[in-house]
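Have a look at the structure below before the remarks.
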Amino acid sequence: MDYLKLAEYFEELEKTSKRLEKTFIITKLLKDIIKEKDPELFINLIRGKVFPAWDERKIGVSDKIVIKALETSTGNSKEHINKLFSELGDLGEVAFELVKKKKQVTLQNVRLTVDLVYNNVRDLADLEGEGTVNKKIGLISELLTSATPLEAKFIVRLILEQMRTGAADSTLRDAIVWCFFSDKLRLSYEQSTNEFKLPDNNRKEYDLFVDKVQHGYDLTNDFAEVFKIIKEQGINALEKITLKAGKPINVMLYQKVKSVEEAFEVVGKNLALEYKYDGFRLQIHNNNGNILLYTRRLENVTKQFPDVVDLIKKTVKGENFILDAEIIGIDPVSHKWLSFQNISQRIKRKYDIEKLVKEVPVMVNVFDIISLNNESLISAPFVRRRNMIEKIVPNIPEKIQPAKQVVTDDIEAAKKFYEESLSLGNEGIMAKNLSGEYKPGSRVGYGVKIKPILDTLDLVIVKADHGEGKRAGWLTSFTVACQDSNGNLLEIGKVGSGLKEKEEEGTTFLEVTNLLKPLIISTEGKTVTIKPHVIIEVAFEEIQASNDSSSGFSLRFPRIVNLRSDKKVSDINYLDEIKITYDAQRGRNK
Ligand code: AMP
């Protein structure tokens with residue numbers, strides 16, 4: 001396919017904000033590529049990526065490099081390009097304008113195919129060593145020289161990983177169902193009226209197909225693979241996907257409840273309680289002696305934790321497994337448990353790792369097992385999975401252990417366990433149904449978390465304000481958002497306090513500013529709009545109703561307590577959860 005055709009689809013997608021229309025456009029595109037030899041690359045491109053979600057490679061191109069490439073390929077000065085950039089707020093649009101002007105003068109006749117663009121952009125990620133920057137500029141300029149304006153726009157956006165077509169994972173999932181089953185289900189969509197029709201008696205089957213595709217995605221983290229499996233083997237083959245140690249799967253999530261009583265109601269009496277450790281999650285893979293570690297965002301952090309790799313190799317039995325664990329820090333002097341805040345530097349640090357291993361030792365608390373010796377355990381009841389953990393994970397103080405667990409149906413005993421857990425500095429407890437399956441990627445009632453009501457929210461930064469006076473140069477106030485059940489972001493006010501000016505005092509304005517700068521989409525006065533990516537944990541005194549924010553709520557005395565670099569946008573708190581806390585507060589205040 002010509003890249004131009006794909007760019008036209010992207011343009012169509014960008015133009016609508018309606019989710020159903022987006023699903024329809026992606027469905028058209030999927031139907032178009034079904035016969036292509038390599039649909040994989042199209043599916044990655046729809047997601048705005050050249051790598052699947054589980055692949056850790058990054059394109060690694062900054063705005064600066066793109067601006068240089070635009071200088072070379074269009075013959076405009078850096079000043080002119082920067083001026084246009086600040087007017088349009090998007091380098092894709094800048095590329096469109098510059099190439100449009102140039103094309104009126106020269107006529108190029110090279111056709112760009114999707115293959116060519118895709119492979120060249122992928123090559124950018126593999127460039128290393130001396131002269132890398134110049135090589136990158138060269139590769140990008142080459143593409144831009146042959147591009148039409150629309151192609152240039154979407155090449156630049158692809159390179160910067162800012163597609164802005166709004167193709168969310170859930171939309172792509174539904175489009176895959178529409179693509180293969182619209183005839184079978186007699187499903188139709190009318191673009192002019194945005195009307196979706198599905199006969200009532202087919203609704204159940206439709207939901208089932210959506211669930212199956214989601215399940216396939218949760219296991220593979222790769223819509224391209226899901227698409228290929230349906231195309232070649234049919235939708236039921238998605239249930240037979242085998243888990244491979246070395247390829248991360250989406251982690252299981254837990255919904256939140258307010259009290260021990262509610263936990264028993266949601267989960268049932270047949271439950272186990274566990275400490276909810278306040279650390280960060282690691283998915284630990286052993287692929288025949290090759291240990292790999294992934295965060296809950298499925299980023300590969302193996303290099304940062306040589307101590308954990310070594311520990312797992314030496315102490316956990318089994319050639320081949322995938323474990324779910326919470327890592328906490330241990331104070332080397334007082335031997336107390338440290339919270340996430342104290343060990344977050346271990347995830348980020350890329351140098352002096354051995355030194356940090358000694359300064360901030362960690363302990364591994366294994367709370368689930370997903371596969372063992374090539375047997376997938378996701379359908380095995382939790383009680384069986386826990387037995388396996390106890391068989392293969394030893395109990396070595398301050399190093400590794402199965403997560404502390406009690407099995408009880410007594411509410412009073414459960415409350416005592418909850419108190420005990422909180423007094424040790426944990427966040428709360430988990431309650432898990434002993435017959436529950438491992439459900440990757442979903443918040444179902446097989447397990448819940450119980451945390452004190454007024455605590456913190458994980459929110460994503462969507463806007464920020466430049467500081468003034470001695471804080472000029474930093475972003476110092478942040479508009480944050482939660483999500484609704486469709487993943488739409490809803491603002492819930494601003495937060496400024498909690499960050500520090502000096503590094504030794506904690507997370508600094510500078511650190512957050514540096515994280516946000518490459519994500520700036522546009523500027524208006526002292527406010528910048530930011531691509532939602534950076535998650536912060538915000539403590540507050542109370543949730544208030546508010547007419548000024550799109551969520552309908554704001555936070556009283558909000559304060560940033562942590563950067564949650566281990567979380568992704570889909571992990572932020574839901575509006576429903578905020579409503580629950582809001583209602584609970586009101587009950588309490590009465
Ligand atoms: P939250 O981050 O509030 O959504 O709570 C869920 C997280 O708690 C999981 O993703 C784990 O990182 C963490 N956690 C700590 N202890 C446990 C445990 N025993 N079982 C499951 N998750 C745990």
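The values are calculated or read from the model by the stated rules, or taken from the named source; none is laboratory data. From a predicted model like this one, the values you see are computed outputs, not experimental measurements. Please note: Cβ atoms are built from the backbone with ideal geometry, for glycine as well, and neighbour counts cover all protein chains shown. Calculation scope for accessible area: heavy atoms of the full protein, side chains included, ligands and nucleic acids excluded. Shrake-Rupley method; radii C 1.70, N 1.55, O 1.52, S 1.80 Å.
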(message) Which pairs turn up if I take residues in the stretch 116-134 that are without any contact (Cβ under 8 Å) to a residue 24 or more places away in the chain and look for partners that are open to solvent by 40 Å² or more (accessible area, probe 1.4 Å) and not in a helix (DSSP H, G or I) with beta carbon separation below 6 Å, at least 6 apart in sequence or on another chain?
(response) none
(message) Quick check on this structure: which one of Y351, Y275 is within 13 Å of the ligand (Cβ to nearest atom), open to solvent by 10 Å² or more (accessible area, probe 1.4 Å) and hydroxyl-bearing (S, T, Y)?
(response) Y275
(request) Could you please find all residues in the stretch 125-172 being open to solvent by less than 10 Å² (accessible area, probe 1.4 Å) and under 20 Å from the mean Cα position of the chain (by Cα)? (result) R157, L158, I159, T165, T171, L172
(request) Test G425 against the stated conditions and say whether it is open to solvent by 30 Å² or more (accessible area, probe 1.4 Å) and touching a strand residue (DSSP E or B) at 6+ places or on another chain (Cβ under 6 Å). (result) yes
(message) With more than 22 Å from the chain's Cα centre (by Cα) and outside any loop (DSSP other than H, G, I, E, B) as the only criterion, which of D465, D458 stands out?
(response) D465
(request) Return the total of residues in the stretch 178-188 being part of a helix (DSSP H, G or I) and open to solvent by less than 60 Å² (accessible area, probe 1.4 Å). (result) 6
(message) Could you list, ordered by first residue, the pairs with Cβ atoms under 7 Å in which the first is in the stretch 1-30 and assigned by TED's automatic domain parsing to the domain that holds L116 and the second is buried (at least 22 other Cβ atoms within 10 Å of the Cβ) and of a type in the set (V, I, T), at least 6 apart or interchain?
(response) none
(request) Tell me which residues, restricted to the stretch 494-531, are part of a helix (DSSP H, G or I) and either open to solvent by less than 40 Å² (accessible area, probe 1.4 Å) or in the same structural domain as G92 (by TED's automatic domain parsing) (or both). (result) F509, V512, T513, L516, L519
(message) What's the total number of residues in the stretch 411-441 that are within 13 Å of the ligand (Cβ to nearest atom), assigned to a loop (DSSP other than H, G, I, E, B) and of a type in the set (A, V, I, L, M)?
(response) 1
(request) Would you check if there is a residue in the stretch 548-556 being in contact with a strand residue (DSSP E or B) (Cβ under 8 Å, 6 or more places away or on another chain) and either modelled with pLDDT under 90 or not assigned by TED's automatic domain parsing to the domain that holds A472 (or both)? (result) yes
(request) Please find, among F382, F367, F321, the residue that is away from the ligand (no atom under 16 Å from the Cβ), under 29 Å from the mean Cα position of the chain (by Cα) and modelled with pLDDT of 95 or more. (result) F321
(request) For the stretch 211-226, state whether one or more residues are open to solvent by 60 Å² or more (accessible area, probe 1.4 Å) and assigned to a loop (DSSP other than H, G, I, E, B). (result) no
(request) Out of G60, G48, report the one residue that is surrounded by fewer than 17 Cβ atoms within 10 Å (Cβ to Cβ), outside any helix (DSSP H, G or I) and at positive phi. (result) G60
(request) Evaluate the stretch 66-83: report whether one residue or more is out of contact with any helix residue (DSSP H, G or I) (no Cβ under 8 Å at 6 or more places or on another chain), buried (at least 17 other Cβ atoms within 10 Å of the Cβ) and modelled with pLDDT of 90 or more. (result) no
(request) Please determine, by comparing only the residues of the stretch 189-198 that are touching a Leu at 6+ places or on another chain (Cβ under 8 Å) and free of Cβ contacts under 8 Å to residues at least 40 places away in the same chain, which one is least open to solvent (accessible area, probe 1.4 Å). (result) L198
